[in-house]
1. Output the residues belonging to the range 29-55 that are within 18 Å of Thr124 (Cα to Cα), assigned to a helix (DSSP H, G or I) and either open to solvent by less than 80 Å² (accessible area, probe 1.4 Å) or of a type in the set (Ser, Thr, Tyr) (or both).
2. Kindly indicate which of Lys132, Lys85, Lys105 is farther than 25 Å from Asp30 by Cβ, touching a residue at least 24 places away in the same chain (Cβ under 8 Å) and of a type in the set (Lys, Arg).
3. Say we look at the range 64-86 and pick out the residues that are under 23 Å from Gly170 (Cα atoms) and in contact with a Gly (Cβ under 9 Å, 6 or more places away or on another chain); which of these is surrounded by the fewest Cβ atoms within 10 Å (Cβ to Cβ)?
4. Which of the residues belonging to the range 87-108 are surrounded by fewer than 19 Cβ atoms within 10 Å (Cβ to Cβ) and over 23 Å from Lys208 (Cα atoms)?
5. Being in contact (Cβ under 8 Å) with a residue 24 or more places away in the chain and under 22 Å from Val160 (Cα atoms): is that true of Phe78 here?
6. For the range 1-28, give me each residue that is open to solvent by 50 Å² or more (accessible area, probe 1.4 Å) and either without any contact (Cβ under 8 Å) to a residue 12 or more places away in the chain or outside any loop (DSSP other than H, G, I, E, B) (or both).
7. How many residues are surrounded by fewer than 16 Cβ atoms within 10 Å (Cβ to Cβ), of a type in the set (Val, Ile, Thr) and touching a strand residue (DSSP E or B) at 6+ places or on another chain (Cβ under 7 Å) when one looks only at the range 148-202?
8. Could you please find all residues in the range 203-224 being more than 16 Å from Ile98 (Cβ to Cβ), open to solvent by 50 Å² or more (accessible area, probe 1.4 Å) and of a type outside the set (S, T, N, Q)?
Amino acid sequence: MLKTIGNSWDKYLKDEFSKDYFLTLENKIDELYQTKTCYPKMENIFNAFKLTPYECVKVVILGQDPYHNEGEAMGLCFSVPEDIKIPPSLVNIYKEMISDTEVKKPRSGDLTNLAKEGVFLLNTTLTVEKNKPLSHLGLGWEIFTDNVISILNNKKESVVFILWGNNARGKKRLITNPIHLVLEAPHPSPLSAYNGFFGSKPFSKANKFLMKNEIEPVDWSVIE
């Protein structure tokens, strides 16, 4: 597993990558990728970090684990490549975004431009076996991503943490710095979106908070 990000994250993750738990995780992931079909492609595991350097993070959106169907996962939570059908949860995210900010309906589910805009799209587990959701739960990714959230919690600039669903909301305990904003809502899945996700207005709330703290707001319309 390639552990070089190529930007400021390398400095912040250097110690993390050398810890015993991560070395054990790395060996296990390397073995699984050699013996099973796993997603995303190994070179895309740290895609969220590559596209959103530490100092550029304005908003954090937490997902659970990558999409487990062929061709979908790309290392960004909720995002799929341009030629892949938009998944149901992302359809609902778009509905809320359009209602909240009046952006035009995006053509694809590729959120790369949003990541480049400063939205850190982090899954709490970064890999998965084909057709087996949550199959890499408990291998050590949760320790890693918890520590990443703690690193972001120590940021001196304000950050908006958007937590959708119970898994993401369980990370609220890690966000203790009072300069940050935490926005919580049910998961955008069709099973729960009507229980409080729709109408929660996370996108406009995030931008109001950023502007209040003299930070450039997110241009949600950059998704194509």
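1. Ile29, Met42, Asn44, Asn47, Ala48, Phe49, Lys50, Leu51, Tyr54
2. Lys85
3. The selected residue is Gln64.
4. Pro87, Pro88, Val91, Arg107, Ser108
5. Spelling it out, Phe78 is indeed in contact (Cβ under 8 Å) with a residue 24 or more places away in the chain and under 22 Å from Val160 (Cα atoms).
6. Thr4, Lys11, Tyr12, Lys14, Asp15, Ser18, Lys19, Asp20, Leu23, Thr24, Asn27, Lys28
7. Final tally of qualifying residues: 1.
8. Result: Lys208, Met211, Lys212, Glu214, Glu216.
The values are calculated or read from the model by the stated rules, or taken from the named source; none is laboratory data. Remember, predicted model here, so these are calculated numbers, not experimental data. Every residue, glycine as well, gets a Cβ built from its backbone with ideal geometry; the counts of neighbours run over all protein chains shown. When the accessible area is computed, the model is the full protein with side chains, heavy atoms only, and any ligands, DNA or RNA have been set aside. Shrake-Rupley method; radii C 1.70, N 1.55, O 1.52, S 1.80 Å.
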